[in-house]
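Structure, as structure tokens:
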Amino acid sequence: MKKVAIKVDQVVKNYGNRTILDAMTLDVFEGETLVILGGSGSGKSTLLRLMMGTVKPNGGDVVAFGKSLCGMDEAALEDYRKSVGVLFQSAALFNSMSIKDNVALPLREHTDLPEENIDIQVTIKLEMVGLREHGEKMPSELSGGMKKRAGLARAMAMDPKILFYDEPSAGLDPVTSAEIDELIMAMNKKLGVTSVVVTHEMDSAFRIADRMVLLDRGKFIVSGTPEEMKASEDPLVRQFIYGLTTGPLTDRKRTGGYERQLMGEV
């Protein structure tokens with residue numbers, strides 16, 4: 001039986017009067033690559049931040065490796081965050097630091113390792129992403145794909161149990177996007193980490209996923225393997241997966257009261 005790495009249990013998240021996640025329940029299993037799909041505003045990024053421990057829910061709980069994130073004090077949460085790595089959409093590198101220093105930063109901030117040991121760890125991580133010879137360069141000297149690789153090296157600096165990816169292929173050409181996908185799959189295989197990926201890129205999603213989940217308006221809709229998702233007869237799933245111009249998603253927009261709002265009726 002698969003072990004659960006993170007359990008999202010009946011989570012509710014509100015921002016003001018808006019409900020972003022509505023009684024969300026989801027299990028992330030150890031060692032899998034889980035891809036979270038959904039349209040803009042479906043709650044994907046909020047769900048990711050909840051699992052990362054950077055925001056707290058208004059209801060329900062997030063349990064990581066058997067421990068409630070909601071029950072943790074700030075010190076315990078900080079320890080948990082050290083056990084996860086994050087590749088942000090923009091790579092979020094510090095422009096004033098070399099690539100080596102960007103990757104070394106978490107080790108310098110959160111460990112007591114001597115500098116020579118940090119240098120070894122940084123070299124290993126840069127080699128894993130194919131950037132060992134570029135460590136002295138500044139972020140401005142790198143292509144978009146190389147920045148993503150550098151961001152991944154930094155995300156792996158503390159040897160995390162879980163890697164979170166926020167739109168890892170965003171802004172990349174198809175070939176570079178495929179290279180990043182191959183790197184994500186290689187990291188899972190080599191390191192045995194659990195990966196959670198938020199993406200809009202369907203080619204990428206089907207390439208890397210062991211399992212996929214689809215969110216809609218803050219609710220969990222369906223979960224399955226890539227093959228199961230492709231074979232789904234659910235109209236909403238089919239429209240999203242195949243990018244169809246007709247279906248529940250577009251019907252909803254057409255009946256959303258836009259014309260009545262223009263006429264001052266709503």
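Every number in this text was worked out from the coordinates using simple rules, so none of it is lab data. Computed from a prediction, not measured in an experiment: that's the story for all the values here. Don't worry about glycine lacking a Cβ; one is built from the backbone with ideal geometry, like all the others, and counts go over all protein chains shown.
Points to keep in mind about this one:
- Sites listed here are trypsin sites (Lys or Arg not before Pro) in the range 1-46 whose DSSP assignment is loop and whose Cβ has at most 16 other Cβ atoms within 10 Å: Lys2, Lys3.
- For the chain, the alpha carbon positions stretch 67, 45, 43 Å along the principal axes, listed from largest to smallest.
- Compared with the alpha-carbon gap, the fully stretched path from Glu109 to Phe206 is longer by 31.3 nm at 0.36 nm per residue.
- Remark: relative contact order (the range 1-116) = 24 percent; criterion is Cα-Cα distance under 8 angstrom and separation of 6 or more residues.
- Cross-link reach list, aspartates and glutamates versus Lys190, counting only Cα pairs under 18 Å and skipping chain neighbours closer than eight places: Glu30, Glu32, Glu127, Asp159, Glu179, Asp181, Glu182, Asp210
- When peptides 168-174, 91-97 are sorted by average Cβ neighbour count within 10 Å, with the highest value leading, the order is 168-174, 91-97.
- Looking at the chain, the DSSP beta bridges with both ends there are about 55 percent antiparallel.
- On Cα atoms only, tilt of 174-191 relative to the major axis of the chain in degrees: 70
- Cleavage-rule hits, GluC sites (Glu not before Pro), the range 131-232, DSSP coil, Cβ neighbours within 10 Å at most 14: Glu136
- Positive-end residue of Val63, Ile118, Leu105, charge dipole of the range 55-145 with Cβ unit charges: Val63
- Given charges at beta-carbon only (K, R positive; D, E negative), |dipole| of the range 112-230 in Debye: 380
- Separation of the Ser90 and Glu78 label points, Cα + 7 Å toward Cβ, nm: 2.6
- Normalised by the number of residues in the chain, the mean separation of alpha-carbon contacts (under 8 Å, six or more apart) gives a relative contact order of 24 percent.
- Note on the chain: with charges restricted to the Cβ of Lys and Arg (+1) and Asp and Glu (-1), its dipole about the Cα centre is near 560 debye.
- By the count of neighbouring beta-carbon atoms within 10 Å, fewest first, Ile118, Ile208, Ile124, Ile20 end up ordered Ile124, Ile118, Ile20, Ile208.
- Eligible aspartates and glutamates near Lys56 by straight Cα distance, threshold 17 Å, same-chain separation 8 or greater: Asp9, Asp22, Asp73, Glu74, Glu78, Asp79
- With the simple model of a label 7 Å out from the Cα in the direction of the Cβ, Tyr15 to Asp159 spans 3.7 nm.
- Length released on extending from Arg217 to Asp234, taking residue separation times 0.36 nm less the Cα-Cα span: 4.5 nm
- Once the Cβ-Cβ distance of Glu227 and Lys2 is raised to the sixth power relative to R0 = 25 Å, the FRET efficiency obtained is 0.85.
- Where trypsin sites (Lys or Arg not before Pro) fall in DSSP loop in the range 157-226, at most 16 other Cβ within 10 Å: Arg217
- Pairs beyond 18 Å (Cα-Cα), from Lys67/Lys161; Lys82/Lys137; Lys44/Lys67; Lys67/Lys219; Lys13/Lys253; Lys147/Lys189: Lys82/Lys137; Lys44/Lys67; Lys67/Lys219; Lys13/Lys253; Lys147/Lys189
- Modelled label positions at Glu116 and Arg252, each set 7 Å beyond Cα in the direction of Cβ, lie 5.9 nm from each other.
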